[in-house]
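The values are calculated or read from the model by the stated rules, or taken from the named source; none is laboratory data. The structure displayed is predicted, hence computed values, not measured ones. Glycine gets a Cβ as well: all are built from the backbone with ideal geometry, and neighbour counts include every protein chain shown. Ligands, DNA and RNA are excluded from the accessible area calculation, which covers all protein heavy atoms including side chains. Shrake-Rupley method; radii C 1.70, N 1.55, O 1.52, S 1.80 Å.
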Amino acid sequence: MTKPPGKLLPLVAALLCGAVLAQAATPPDHPVTSAAPPVSPTSGKGLLGTPVTSKRGEPSSTKQPTQPAKHQVAKPPADDWNLAAHGKVLYLTFDDGPQHEWTPKVLQLLRKHKAHATFFVLGIQVAQYPELIAAERAAGHTVGNHTWDHKTLTLLPDAKVRQEIATGVKSKCLRPPTGATNAKIQAIAAAYHQRQVLWDVDTKDWEKPGAASIEHAIMAGARPGAIILMHDGGGNRSQTVAALDRALTKLTKQGYTYRSLPC
C-alpha cells in the first residue's frame, strides 16, 4: 500500500476522529431500560402479592399501612344528668303508653312545637302497639321503662320486682309506677343498668282536673332542668293535649326548649 503524503496524515486522523464522535452521539434504536422498571401508579390490585401503589406511585410496601380514620361519634346525652346545666330546658315526660289514640296526638303536638320528650312505657302496651314505640324513637324522643304492667313495686317480693323490670322495655331509665320506690327498688333497677327517674312537677293530669289546671301546673313548675310528669296512656288525655299545647306556646316565647331525658 502506498503511504499517503505526510501532509495528509493529520487530515485523515481528524476525519476518523470526527466519525467516531458522530457515531457516539447517535441515539440507539431502542431506549435503554433499567433492570427493574418503575411501577405505574395504577399497576396491581393488591391480589396475590401484586405490588400496590399509593396515590403518589410509591409501592405501599415501602410505607406503613394507613389505618382508616375512625368516625368520631359525639358523646350521647345519655351520660349527661346535669339537667339544670343547659339553660332554659324542660324535660317533658309521658307515662303509661303507648296508647293508640292519645300517643299519636302527643307526638303530633311535640312535632308542632319542635319539642323532644321521654315516654315511660308499659311493656304490656308496647307488646300491643310496637309501631308507636318505633314512631317515638324515629321522631327523636327517648323511651324509658315503666315496668310490665304498672304494679306498685314496693308491695312486691324481690323476684316479682325483678320480673316487672326485666319484662319492661329495654332502656337506661326506670320510672317506678306511682313513684313508689325505696333503696331496694333502686338497687334492683341498678342491677339491670337502669337509672331510677322520678319528676319535679306532677301535673296531676291523671286526675283529669281540667286543661286549665294542668296548664297552670306546667307553667308554675317550669324552671331550667325541670322534669314534668304527664300521661299519654291510662285514659282519656284530651285535657293533657290541650293544656300542653297552650303551655308550650307560652314557654317557647319565654325562651324554653325541650329535650329528651338521657334514657
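Miscellaneous remarks
- Looking only at the stretch 102-153, and only at residues there that are without any contact (Cβ under 8 Å) to a residue 40 or more places away in the chain and touching a Lys or Arg at 6+ places or on another chain (Cβ under 8 Å), the one that is nearest to L83 (Cα to Cα): A139
- Members of the stretch 108-128 found to be surrounded by fewer than 18 Cβ atoms within 10 Å (Cβ to Cβ), over 27 Å from R246 (Cα atoms) and out of contact with any Asp or Glu (no Cβ under 6 Å at 6 or more places or on another chain), listed by number: A127, Q128
- For the stretch 196-216, the tally of residues that are within 16 Å of D95 (Cβ to Cβ) and touching a residue at least 24 places away in the same chain (Cβ under 8 Å) stands at 11.
- Flag if K105 is within 29 Å of D245 (Cβ to Cβ), touching a helix residue (DSSP H, G or I) at 6+ places or on another chain (Cβ under 9 Å), of a type outside the set (A, V, I, L, M, F, W, C) and surrounded by fewer than 23 Cβ atoms within 10 Å (Cβ to Cβ): yes
- Yes/no for R137 being under 22 Å from I228 (Cα atoms) and open to solvent by 50 Å² or more (accessible area, probe 1.4 Å): yes
- Residue match in the stretch 194-204 (condition: open to solvent by less than 40 Å² (accessible area, probe 1.4 Å), in a loop (DSSP other than H, G, I, E, B) and either of a type in the set (G, A, S) or farther than 20 Å from R259 by Cβ (or both)): no
- Residue that is farthest from W102 (Cα to Cα), among those in the stretch 154-168 that are in contact (Cβ under 8 Å) with a residue 24 or more places away in the chain and open to solvent by less than 20 Å² (accessible area, probe 1.4 Å): V161
- Residues of the stretch 205-241 that turn out to be loosely packed, with under 15 Cβ neighbours inside 10 Å and of a type in the set (A, V, I, L, M, F, W, C), as a count: 2
- Checking each residue in the stretch 170-184 for being touching a helix residue (DSSP H, G or I) at 6+ places or on another chain (Cβ under 6 Å) and not in a loop (DSSP other than H, G, I, E, B) picks out only L174.
- Any hit, the stretch 101-118, residues being touching a Ser or Thr at 6+ places or on another chain (Cβ under 9 Å) and at pLDDT below 95: no
- Within the stretch 239-263, residues that are under 30 Å from H193 (Cα atoms) sit with their Cβ atoms under 6 Å from residues that are part of a loop (DSSP other than H, G, I, E, B) and open to solvent by 60 Å² or more (accessible area, probe 1.4 Å), at 6+ positions apart or across chains, in these pairs: Y258/H116; R259/H116; S260/H116; C263/K172.
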